[in-house]
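Each value in this text was obtained by applying a stated rule to the coordinates, not by laboratory testing. These numbers were taken from a predicted model, which means no experiment stands behind them. So basically every Cβ, Gly included, is an ideal-geometry build from the backbone, and we count neighbours across all protein chains shown.
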Amino acid sequence: MSLLELKDVHAFYGGIEALKGISLTVNEGEIVTLIGSNGAGKSTTLKSICGQVKVTGAITFDGKNITDQAVHQTAAAGIAHVPEGRRIFPRLTVKENLEMGAFSVKDKDVVSQMMERVFAYFPRLKERLRQLGGTMSGGEQQMLAIGRSLMMQPRILLLDEPSMGLAPILVEQIFEIIRELNREGMTILLVEQNAYQALQIASRGYVIQSGEMIMEDEASVLLESRKVKEAYLA
Ligand code: ATP
């Protein structure tokens with residue numbers, strides 16, 4: 001059984017049909033990547049899963065129907081969404097941002113254990129605990145956004161373009177951390193414009209175009225596909 005399954009999902013913004021009946025599965029322990037050009041529907045797919053846009057069709061998580069659940073419900077079920085553009089709290093410190101990620105955890109010891117785990121992935125955050133989130137660099141804010149989502153001990157991470165706007169060396173680092181998280185058991189659905197790197201760390205991939213899935217295969221097969229090479233790996 002897949003951990004996450006979308007079946008014939010349609011999403012609308014007013015009269016615009018952003019998703020035209022897409023299907024996708026993510027199994028426990030996988031990195032699955034969703035690639036596609038601007039406006040293809042990648043972010044909308046993630047927003048559909050976490051309950052930010054209304055959909056028709058069926059979305060199941062861990063065997064339960066979560067179609068059209070509210071964001072707080074999908075979060076409680078273990079779905080962590082790290083949106084595009086690193087929405088951290090700019091006026092809160094790094095530490096406070098991380099604590100916000102664990103707002104539903106009452107036990108302070110558990111919160112500090114989770115924070116130590118986040119610091120193991122992102123040592124930079126530990127050095128900057130009292131710095132205001134908004135004054136961190138782009139790459140640091142991305143790390144903070146991912147770190148904050150880990151604080152809720154999710155079962156799946158939905159990452160929306162984590163490499164966007166980062167210098168090449170930071171892009172490498174972010175992909176390495178994603179790989180590391182996965183090695184330690186985290187299931188990840190990764191949306192990326194950086195198709196080459198995403199396919200290199202993923203086990204499977206999907207290609208979305210104008211709201212429709214046009215390809216789906218092992219990541220290694222997609223990397224070799226002429227169509228993918230021409231359209232997305234140029
Ligand atoms: P990008 O890589 O540029 O972020 P994307 O693949 O993530 O693209 P989406 O953000 O999912 O694309 O957008 C899919 C389509 O839905 C686009 O045509 C977009 O203009 C439209 N869309 C997205 N959000 C809204 C909204 N709030 N209102 C109206 N249309 C929207």
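Miscellaneous remarks
- Checking each residue in segment 152-162 for being away from the ligand (no atom under 16 Å from the Cβ) and part of a strand (DSSP E or B) picks out I156, L157.
- Odd one out for I16, checked against (1) at negative phi; (2) in contact with a helix residue (DSSP H, G or I) (Cβ under 8 Å, 6 or more places away or on another chain); (3) surrounded by fewer than 17 Cβ atoms within 10 Å (Cβ to Cβ): (2)
- In segment 16-23, the count of residues that are closer than 27 Å to G101 by Cα and under 18 Å from the mean Cα position of the chain (by Cα) is zero.
Condition check ((1) away from the ligand (no atom under 13 Å from the Cβ); (2) of a type outside the set (V, I, T); (3) outside any helix (DSSP H, G or I); (4) under 15 Å from the mean Cα position of the chain (by Cα)) across all residues:
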| position | (1), (2), (3), (4) |
| --- | --- |
| Q200 | yes, yes, no, no |
| I208 | no, no, yes, no |
| M215 | yes, yes, yes, no |
| L222 | yes, yes, no, no |
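- Test for S149: is it in contact (Cβ under 8 Å) with a residue 24 or more places away in the chain, among the hydroxyl-bearing types (S, T, Y) and within 16 Å of the ligand (Cβ to nearest atom): no
- Considering residues of segment 62-85 that are crowded, with 18+ Cβ neighbours inside 10 Å and part of a helix (DSSP H, G or I) only, the residue nearest to the ligand (Cβ to nearest atom): T74
- Residue match in segment 86-102 (condition: closer than 30 Å to G15 by Cα, crowded, with 21+ Cβ neighbours inside 10 Å and in contact (Cβ under 8 Å) with a residue 24 or more places away in the chain): yes
- Within segment 103-118, if we keep just the residues that are within 20 Å of the chain's Cα centre (by Cα) and buried (at least 16 other Cβ atoms within 10 Å of the Cβ), the residue that is nearest to Q141 (Cα to Cα) turns out to be V118.
- Selected residue [under 20 Å from S2 (Cβ atoms), in contact with a Lys or Arg (Cβ under 8 Å, 6 or more places away or on another chain), of a type in the set (V, I, T) and within 16 Å of the ligand (Cβ to nearest atom)] from I49, I59: I59
- The residues listed here are I214, I208, I177; of these, the one that is in contact with a helix residue (DSSP H, G or I) (Cβ under 9 Å, 6 or more places away or on another chain) and either on the phi > 0 side of the Ramachandran plot or crowded, with 18+ Cβ neighbours inside 10 Å (or both) is I208.
- Which numbered condition L190 misses (of (1) within 16 Å of the ligand (Cβ to nearest atom); (2) not in a strand (DSSP E or B)): (2)
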